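The values are calculated or read from the model by the stated rules, or taken from the named source; none is laboratory data. Computed from a predicted structure; not experimentally measured. Every residue, glycine as well, gets a Cβ built from its backbone with ideal geometry; the counts of neighbours run over all protein chains shown. Surface areas here come from the heavy atoms of the whole protein model, side chains and all, with no ligands, DNA or RNA. Shrake-Rupley method; radii C 1.70, N 1.55, O 1.52, S 1.80 Å.
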Amino acid sequence: MTALKQPLPPLLLGALGVVYGDIGTSPLYTLRECLSVADLAVNATNVLGILSLITWALLLVVTLKYVAIVLHVDNRGEGGILALTARATVLLEGRGRKVALAIGLLGCALFYADSLITPAISVLGAMEGLGVISPTLKPWIIPGALGLLLGLFAVQRHGTHAVGQWFGPIMLVWFSTLGLLGGFKLLEHPGVLAALNPQYALNFISIAPGLTLLVMGAVVLAVTGAEALYADMGHFGRRPIQYAWLYFVGPALLLNYYGQGALLLENSAALKNPFYLLAPEALRLPLVVLAAAATVIASQAVITGAYSLTQQAIQLGYLPRVPVLHTSENQAGQIYLPTLNRLMAVAVVLLVLGFQTSSNLAHAYGLAVTGAMLADTLLMFAIFWFLRPWARLAMFTLLAAFLLIESSFLAATALKIMHGGWFPLLLGGALFFLMHTWYIGRQRTQALTLRQTPTLDYFLKHLDTTLPKVRRTAVFLTSDLAHAPPALMYNLHHNGVWHTQNIIIKVARARIPRYPTSERIRITHHGHGVSTVHATYGFMETPDIPKLLTLLADYGLTIEHPERLSYFLSTHTYVPSQRQTLGPWQEGLFVFLDKLQQSAITYFHLPRGKVIEIGNQIEI
């Protein structure tokens, strides 16, 4: 994990700016929503009970599950739902592997929903401070939020490195402000610290069991962004993320929540916006500006996370290829996806216009977050089950505890389906169907192609050696080195010539983030001027075929005619047939996605002037 080779302080500051942006903006609306969602009276029983629920949600879900356990389930230093899925599918077999894949894809789909709702709810929550300053500023809340969000998406093409240098310091000021605002109010009413006792949470549940489920749907807002601790582990390493949470972020959040609780016990009218009313009136406008900056950073974190997740999904074969632009020559993780950026910008604008307030968006938020968390839990314990067989009883106990907590969150947020919860369900279901269709479609169409082509050994054994030869090097890309590439077959059939050197390359994807360079290339010589190259890349790496060819000489394969080299690609046209390879809905969607995906020429960085594309039809 290269992040740990850097000094710890810069990594801690970087983690503040990227990892904790989402969870760090939750105090803007969480406590208000907890009391408002069930129309609870603002009294000591309810305020202390809800504070206790928030406290133990943070301690159990964030501190115990993610910081203490999940951060130890990395995939060669990388985290995130797809890294977890990749590792689980390697360990499991048969039906277990299919179930793990389905859970991972569903969690991935829900993360996309989260990455759309987070910018909308965070920026709206910050801009609603304008209404606290003066009622006359309320009409500017939505235009201001839209302006910030559109500006954020507009600057994505320039990369996040330059702006990212400011993220850490701004979030350092933000979390310090959270702690100070809450701490000063807490000094006036220290009795609110009694909520640290879980008995207050249990008492609240026993007194109002019918309302507890509604409240839990808002309590989950306090832990939104917890998955980012795991997803960004590859950038910063385990220790900086753990230290930042345990010694700064976690305490600052709790101080602010308890300060808001103390304010509410002092003045129940503060429920309209307890976060901003914690600050003296003269400081509220600067606080709105700081909150807007913090929410932009939180939004940037999930946008970047969506980019990284999409890149991983493409590399693992769960999504079709789309253009991925690298915005930094020094940092591999600095990427920009134009198509995804435009889609996200439109979706976020529609969310703001459709839901209007952060309270309305809160109804939609919980389902996406709890669904993704539940997927993490199930995959994590599937991995531990195989890697820690001696500790299965302890693992099962923890699994039961986490499932109880997260299932209650899920059940609570499910009550909001008619009030906005339908959005993450609809989007998550659509994305899951899309990813599953692409993954299954690619597998089945590749199998059809292989059935229509002979094995490479059979092809070479029956090769007509009297064919006229051209002194050129031909490079063919294939998905299976055991079979003759379709482009090779069609070229031979239509042109009736044989190249003196033929290099067949398969780009394989390992289920680890980065594959060791020393082990990347395997070469086999088959005679008749044919050599096969098996090149393996991790799911965080981008293959570059021309660059790969320059490395082959080190492995004993010299390009005989580099100045007369041609690349041959097979292009497929899918046509319907009597047999049904995919379901009726899936077939049309798969063909549509195939037409949209980026060409292999661009994806593999092939020089266009040296590429020959040969088309063929595949019946599905």
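May I ask you to say which residue of Y257, Y243, Y200 is buried (at least 24 other Cβ atoms within 10 Å of the Cβ), assigned to a helix (DSSP H, G or I), among the aromatic types (F, W, Y) and in contact (Cβ under 8 Å) with a residue 24 or more places away in the chain? I'd like the intermediate steps shown before the answer.
Details: Y243 fails: buried (at least 24 other Cβ atoms within 10 Å of the Cβ); Y200 fails: buried (at least 24 other Cβ atoms within 10 Å of the Cβ).
After applying the criteria, what remains is Y257.
Checked against the criteria, I297 counts as aliphatic (A, V, I, L, M), buried (at least 17 other Cβ atoms within 10 Å of the Cβ), over 22 Å from T602 (Cβ atoms) and at pLDDT below 85. When the residues of the range 262-303 are filtered to those that are closer than 28 Å to A38 by Cα and part of a loop (DSSP other than H, G, I, E, B), the one that is nearest to the chain's Cα centre (by Cα) is N273.
Does the range 473-503 hold any residues that are in contact with a Pro (Cβ under 6 Å, 6 or more places away or on another chain) and either closer than 30 Å to A86 by Cα or of a type in the set (D, E, K, R) (or both), and which are they? Walk me through it before giving the result.
Let us first name the residues in the range 473-503 that are in contact with a Pro (Cβ under 6 Å, 6 or more places away or on another chain), namely 476, 478, 484, 497.
Correct list: F476, T478, A484.
Residues in the range 564-585: is at least one farther than 29 Å from Q452 by Cα, over 37 Å from the mean Cα position of the chain (by Cα) and part of a loop (DSSP other than H, G, I, E, B)? No, the range 564-585 contains no residue that is farther than 29 Å from Q452 by Cα, over 37 Å from the mean Cα position of the chain (by Cα) and part of a loop (DSSP other than H, G, I, E, B).
Among the residues of the range 399-458, those identified as over 29 Å from A313 (Cα atoms), touching a strand residue (DSSP E or B) at 6+ places or on another chain (Cβ under 8 Å) and assigned to a helix (DSSP H, G or I) are L456, D457.
When L456 is tested against (1) within 30 Å of L53 (Cβ to Cβ); (2) crowded, with 20+ Cβ neighbours inside 10 Å, only condition (1) is not met. Among the conditions (1) modelled with pLDDT under 85; (2) open to solvent by 40 Å² or more (accessible area, probe 1.4 Å), the only one that Q356 does not satisfy is (1). Taking the conditions (1) open to solvent by 20 Å² or more (accessible area, probe 1.4 Å); (2) over 15 Å from S299 (Cα atoms); (3) in contact (Cβ under 8 Å) with a residue 24 or more places away in the chain in turn, A347 satisfies each one other than (2). Residue count for the range 35-56 satisfying the condition of being open to solvent by 10 Å² or more (accessible area, probe 1.4 Å) and assigned to a helix (DSSP H, G or I): 7. Residues being hydrophobic (A, V, I, L, M, F, W, C), modelled with pLDDT of 85 or more and surrounded by 14 or more Cβ atoms within 10 Å (Cβ to Cβ) are entirely absent from the range 571-582.
Only one of the numbered conditions (1) over 27 Å from V302 (Cβ atoms); (2) out of contact with any Phe, Trp or Tyr (no Cβ under 7 Å at 6 or more places or on another chain) is not met by L186, and that is (2). Criterion first (under 25 Å from T536 (Cα atoms) and either open to solvent by less than 30 Å² (accessible area, probe 1.4 Å) or assigned to a strand (DSSP E or B) (or both)) does A474 satisfy it? Yes; evaluated as a whole, the condition is true for this residue.
For residues that are at pLDDT 85 or above and open to solvent by 10 Å² or more (accessible area, probe 1.4 Å), tally how many sit in the range 537-555.
Pass one, the range 537-555, residues at pLDDT 85 or above: 537, 543-555.
Applying the additional criterion that residues be open to solvent by 10 Å² or more (accessible area, probe 1.4 Å) yields 537, 544, 546-547, 549-551, 553-555.
Result for the range 537-555: 10.
The sole residue among A535, A508, A553 that is assigned to a strand (DSSP E or B), out of contact with any helix residue (DSSP H, G or I) (no Cβ under 8 Å at 6 or more places or on another chain), small (G, A, S) and more than 17 Å from V611 (Cα to Cα) is A508. Taking the range 176-193 as the range and being surrounded by fewer than 23 Cβ atoms within 10 Å (Cβ to Cβ) and over 11 Å from A262 (Cβ atoms) as the test, the residues that pass are S176, T177, G179, L180.
Given the options A447, A510, name the one that is out of contact with any Cys (no Cβ under 8 Å at 6 or more places or on another chain) and loosely packed, with under 14 Cβ neighbours inside 10 Å.
Numbers: A510 fails: loosely packed, with under 14 Cβ neighbours inside 10 Å.
Only one candidate qualifies: A447.
Could you list all residues from the range 128-143 that are in contact (Cβ under 8 Å) with a residue 24 or more places away in the chain, open to solvent by 20 Å² or more (accessible area, probe 1.4 Å) and assigned to a helix (DSSP H, G or I)? The answer is L130, V132, I133, I142. Here the range 264-274 is the region considered, the condition is being in contact (Cβ under 8 Å) with a residue 40 or more places away in the chain and open to solvent by 10 Å² or more (accessible area, probe 1.4 Å), and the residue that is farthest from G191 (Cα to Cα) is K272.
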